[in-house]
Each structure stands twice: as structure tokens, then as C-alpha cells.
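Notes follow the structure.
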Amino acid sequence: MARKIIINPVTRISGFLELDVTVENGVVSEARTKGMMFRGFEQMMKGRKPFDAIYLTQRICGICSTAHSVGSSLALEDALNVTMEEQGRYLRDIIHGCEFLQNHIRHFYQYSVPDYVKMPPEHPLFTSYEGTARLPERENAAIVEHYFESLAISRLAHQLLALFGGKAPHNHGVYVGGYTTPATAVKIIEAKSMLQKIRNFIVDKMIPDTYTISRYYPELFQMGKGPGNLMSCGAFNGYEALGTLYTEPLVFNGKTNETSRFNADLIMENINYSWYQGKKTYKPFETMPEPDMEKEDAYTWVKAPRYDGMAVEVGPLARLWLSGDYRNGISAMDRTIARSLEAGKVVGIISTLLDQVVPDYMVQKEWELPSSAQGAGLVETTRGTLGHWMKIEDGVISFYQIITPSAWDYSASDENSLGTAEQAVMGTTITDPEQPVELGRILRSFDPCMSCATHVSSPGQETKTIQVF
């Protein structure tokens, strides 16, 4: 007998996400992920001054705001034909790297750990699923202690970001050409001290905690694979001489097992099953779809970006896989491990870049804005590949398109395939339909940010429901 499970909202993520699945003989046979929040930032950008995009797009998200400042700056630099100096890139990548650290630490401990660890029952914020926590008491207690410690460490990463970016979230440091204010010698010394504390926590506690959890939940290595296609537009690459090369722009095809060079021209977006007018597939520079909540057969605000027709996975696991640093597998647990390992890798990159920063070096100039131009900015962020596409006419923004990492991972279906996360939950064995913890673990392994993915909330939604039919 088929049963339908609706989880709304999926908790411990950023934004509003609903999951609808059909379970037959204990196995998921149908799945739909639904982004239930419309932001409209792309429409908001029309008519604005182009330089405003750096600050306005950051308001898409409070977790990964720096990513949008980098993406919009790259788009502007492309439109203005600006070549960034090395010093500008060093400090921009340091600021952005700090966001990786605060996000990965926060996601693992605040969002993922409660899926696996028995939290103190007397605390009103904790809800444990009876019978699902397996860690021995000693290991469990240690991770709970690190859970609380992680709050201060994640905040420290944001303090480090604010040291150079002015504030966090929504920094004022990232700008066209690199950054707005040069780093002083005092700030560089202070940054190295703060980074060492973060490194110690990641290496001594976060990474070991991740592997501890993985040992007691081995079945998660067999869950949540998805399409097996992995993509990165290149992360912290171009620093070969410094020995900090991370990921080149690459795409792995899970069906052919072939890896090819990333080509932005192969990015398309489909809106057949999204709440936007019409049914079509288009390139990012071609159209800005208009919302349509009454559209027949549509079920989400998230569009369906595709690379060469494929649904792809982006994020830490994709980057580590493509870099050759992690090849254990593609699963929910592999994503969780990859995120912790990447935090350790990014700490090393930031440390190397800090050594290259020249104190009091100013890169800013007076940039001349053309009356018409267009530019694209693609960058690897905490959750994966982010793209900003901009057109300028008569000195103002006439067109703005954004494809976020969570749009890739939580995309709608198209005529050929389900979205990446939808494919990941397909075939999952559900032990208890009344507490389908397997689904939450898989979905959270992608670190979804639906605030970014949808860019007005849907009316009539209940506060929290798990409906089983």
C-alpha cells in the first residue's frame, strides 16, 4: 500500500522547504522538494544603480551574504572590463573564506549534529528522536560539549570576516577591484591569531566528531546519492605558485564517469514546473521569468538549472571529489564529512593568503560606468556554484539573473529528470513513516538555503507538520 509523507517545513535549514514523498513497501517511489518562499530580488534590481548590486544582493541571505557580494562584484568587473590586482583578490578571497568557516561550523553542529546525537532533554530548543541516537555516552557527551563551543567559534569566524569586511553579515569590504579598505599590519596579526583558534577547533574537534558520527551511522553512506553528476566553476584556483590550488572548473558526469572542463555557456534554466509564467528552457542572459502562482503543474518557487541538460550536485563534496581530495563515495554521510574536511582545507588557504597581504595596500580606483554593458560573475561559495548575470542600460540595471547553489541542489524537475535532492531521496528505505528521520538527514546533508534558492511566503502554510497518508 502506498503512503504519502509531507514534511513542512523541513527544519534546521535556511528558508522554507517542503518535502512530499510517496512510500511503497517502505521505499520512497516519488519525491518532490518544494521551495515555499518567493523573494523577488532579481526583479528588485531593475532600475537600480549597478554598484548597488554588491550591497543589495547580500540581503538575499544572512548566512552566505558575502557570496553574493563576490558574485555581483565579479559580474560588474566583467561588465566594466576590470582586471583585479593580486592584492585585491587575496583579501577578497580571505573575506569569502571566512564565510566558508562560519557556515560549515554552524551547519555541522547546529543543523546536522542533532540528527545523530542525543541532546540534553531539559533544553527547550532540543528535540531528540527516541531510539535513533546510537553514540555511546562518552562520545555523545563530547560532541554535545563541542556543539555549544561551536557557537563561539562560528561567531569568531564572522568576527574575522568583519575585521576586513567591516561587518558580518552583509559586509562592506568586498567591492569592484577587490576591497574597499586596505588591511593594516595590526589587523593581519590579529587575523592570524583568530584563525589559529578556528583551525584548532576544526582539526581537533569538528573533523574527529564527524568521523565519530559516521562510524555509528554506516547506512548513511548508502543513502542520498542523487544523480552522481558533480560541478564546480573553480574554487580558490589560480594560486598554483602559492600551493593553495583547490578545485579547477570541472564537471563530472556520473553516467559516463568522464570529467570535463566547466563551460558557463552550457548552463540553462527550466521553469516548466516552477511558479513562473510559461514553460521554457533558456540561458541566464535571455530572460527574467515573471511569477505565476496559479500555473498548472507547478509546485515550487525554485527553478530548474541544468548543466548540458544534467541535474548536477554542487557544494563541498563536489569540490573535494573534483579536486581528487575525497573519493570515498557520493552519499548523505559523504557530504557531511566533505563539509568538515573542506573547513580544514579553507583554513589553510586563508592562512597562506594572509601571508601574501601587503599592509596598507590600496587597490581602489574611480571606476567609470558605461551607459550599457553586461557581465557575468560565477564563484564557488559555501554551498556550491553561484552565478550572477547583469545587464546595464542607460546607466542602470535593466536585467538581473541569479542561480544559487541551492537552486542547483534543490531544483524542480524538468522534462528529463527530477531535481538533484529529489533524486537523492528516491529509493530511500523509511524505517518509521511517523518519524522519517532518513529524509531529514539526506536533505540537510546538502545544507539547503531556500532563501537564496527562491529569491512573500506561500499563504496558509502550517507552522510544522509531518502528514502521513
Practice item. Indicate, rounded to the nearest 5 percent, the antiparallel portion of the DSSP beta bridges found entirely in the chain. Key: 95
Check your understanding: Given a Förster distance of 51 angstrom, what is the FRET efficiency for Asp394 paired with Gln435, based on the Cβ-Cβ distance and rounded to 0.05?
Key -> 0.35
Exercise for review: Quote the charge dipole size of the range 2-468 about the Cα centre in Debye, to the nearest 20; the model charges only the Cβ of Lys and Arg (+1) and of Asp and Glu (-1).
Suggested key: 600
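Note down the magnitude of the dipole of the range 242-306 about its Cα centre, charges +1 on Lys and Arg C-beta and -1 on Asp and Glu C-beta and zero elsewhere, to the nearest 20 debye. Let's see the in-between values first.
Working: 8 positive and 10 negative charges, 44 e Å.
Rounded to the nearest 20 debye, it is 220 debye.
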Practice item. Would you mind computing, in nm to one decimal, how far apart the modelled labels at Gln196 and Leu266 are, each placed 7 Å from Cα along Cα→Cβ? Key: 4.5
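Could you calculate the FRET efficiency of Tyr361 with Met1 from 1/(1 + (r/R0)^6), where r is the beta carbon distance between them and R0 is 56 Å, rounded to 0.05?
Values: r = 68 Å, r/R0 = 1.22.
After rounding, the FRET efficiency stands at 0.25.
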Point to revise | Per-residue [θ]222 nm for the chain (sum of -39500 (n - 2.57) over DSSP H runs n ≥ 4, rounded to 500) | key: -10500 deg cm²/dmol
Exercise for review: Measure off 7 Å from each Cα along the Cα-to-Cβ vector at Asn328 and Val27, then give the distance between these two points in nanometres to one decimal.
Suggested key: 2.6
Check your understanding: When only DSSP loop residues count, what GluC sites (Glu not before Pro) in the range 232-281 have their Cβ near at most 11 other Cβ atoms within 10 Å?
Key -> none
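Between Asp292 and Arg155, what is the FRET efficiency for a Förster distance of 35 Å, r being their Cβ-Cβ separation, to the nearest 0.05?
On the way: r = 41 Å, r/R0 = 1.18.
The pair Asp292/Arg155 has a calculated efficiency of 0.25.
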Review point. Which of Lys283/Lys391; Lys34/Lys255; Lys4/Lys303; Lys118/Lys197; Lys295/Lys391; Lys167/Lys205 have a Cα-Cα distance over 20 Å?
Key: Lys34/Lys255; Lys4/Lys303; Lys118/Lys197; Lys295/Lys391; Lys167/Lys205
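Rule-based calculations on the coordinates, nothing more; no lab input. Predicted, not measured: the structure shown is a model, and the values here were computed from it. Positions of Cβ are backbone-derived with ideal geometry, glycine not excepted, and every protein chain shown enters the neighbour counts.
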